[in-house]
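See below for the structure under consideration.
Read-outs: derived from the displayed coordinates by stated rules, not from any lab. Please read all numbers here as calculations on a predicted model, not as lab measurements. Positions of Cβ are backbone-derived with ideal geometry, glycine not excepted, and every protein chain shown enters the neighbour counts.
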């Protein structure tokens, strides 16, 4: 069913990509920093919710745009219709649709879709795979002996990290072979694909930003923890995703003093 939800979201989003996407600034109404939302964000989540209501009316939903609905249900869908809205409005095809399914409070299915590239990354405890029009391939993280050999991904430390988190992350960046910015949740998918080694994100992450990544990366043989090395809680927070345990441990050691 996650695939069906992803297709419904893509159908709502793609006509508005690099087009008139109906931009609004949620932050302006609150006197806060720029916080964009588009008609594509809202239309995609509405389309997903409609399919869930028709197919699984007893399931709960937690979404970025329309909030909570029966989140104490046995099965709960956790949705971010467009993760990377800033990239979306800039015409950069690294935004994604994030769909996770919780069972009894734990994410058991994780899907990251990039409709413009026609890629769906899907993971469960049975394994993870990349689904494209030209076929399906199993996903596996790659071995990496440490940060000196690693490619690290992060969205935007200056915009989203606290000053203490910025200082801690600078130690990871200095130790890494290469660091790339601006990939949002697509960097989680690339970790499962085995081309990125570590992703670091801050306290600001919400449940809908990360829950899809957990089954996906774990199903590919990787790890997702908070900055203290603990499982991710139901409210999101500080995140480290890594393909190799050695990279995870080294990253956690450098971030430890800024962990909450």
>> Please report the projected area of segment 170-260's Cα convex hull averaged over all directions, in nm².
In response: 5.2 nm²
> Among 21, 59, what is the fewest-to-most ranking by other Cβ atoms within 10 Å?
Replying inline: 59, 21
> Hey, what did segment 147-258 get for relative contact order, percent, Cα under 8 Å, at least 6 apart?
Replying inline: 30 percent
>> Normalised by the empirical 2.2 N^0.38 Å for globular proteins, what value does the Cα Rg of segment 36-140 take?
In response: 1.10
> Hey, what angle do you get for helix 245-255 against the long axis of the chain, alpha-carbon based, 0 to 90 degrees rounded to 10?
Replying inline: 80 degrees
> Taking Cα centroids, how far is segment 158-193 from segment 115-142 in Å?
Replying inline: 23 Å
>> Return the equivalent ellipsoid semi-axes of the chain as a descending list in whole Å, where each equals the square root of 5 times an eigenvalue of the C-alpha gyration tensor.
In response: 27, 21, 18
> Fewest first, what order do 88, 75 take by the number of other Cβ atoms within 10 Å?
Replying inline: 75, 88
>> Can you tell me which of 242, 159, 220 moves the most in a GNM of the chain? Springs connect C-alpha atoms under 10 Å apart.
In response: 159
> Relative contact order, percent, of segment 2-138 when contacts are C-alpha pairs under 8 Å separated by at least 6 residues?
Replying inline: 17 percent
>> Counting C-alpha atoms alone, how compact is segment 1-91: give Rg to one decimal and Dmax as a whole number, in angstrom.
In response: 13.9, 40
> Which angle from 0 to 90°, rounded to the nearest 10, does the C-alpha axis of helix 163-175 make with the longest principal axis of the chain?
Replying inline: 60 degrees
> Quick one: helix 39-55 against the long Cα principal axis of the chain, what's the angle to the nearest 10°, folded into 0 to 90?
Replying inline: 70 degrees
>> Given contacts defined as C-alpha pairs under 8 Å and at least six residues apart, what's the relative contact order of the chain, whole-number percent?
In response: 16 percent
>> With Kirkwood's inverse mean 1/r over C-alpha pairs for Rh, give me the Rg to Rh ratio of segment 134-220, two decimals please.
In response: 0.98
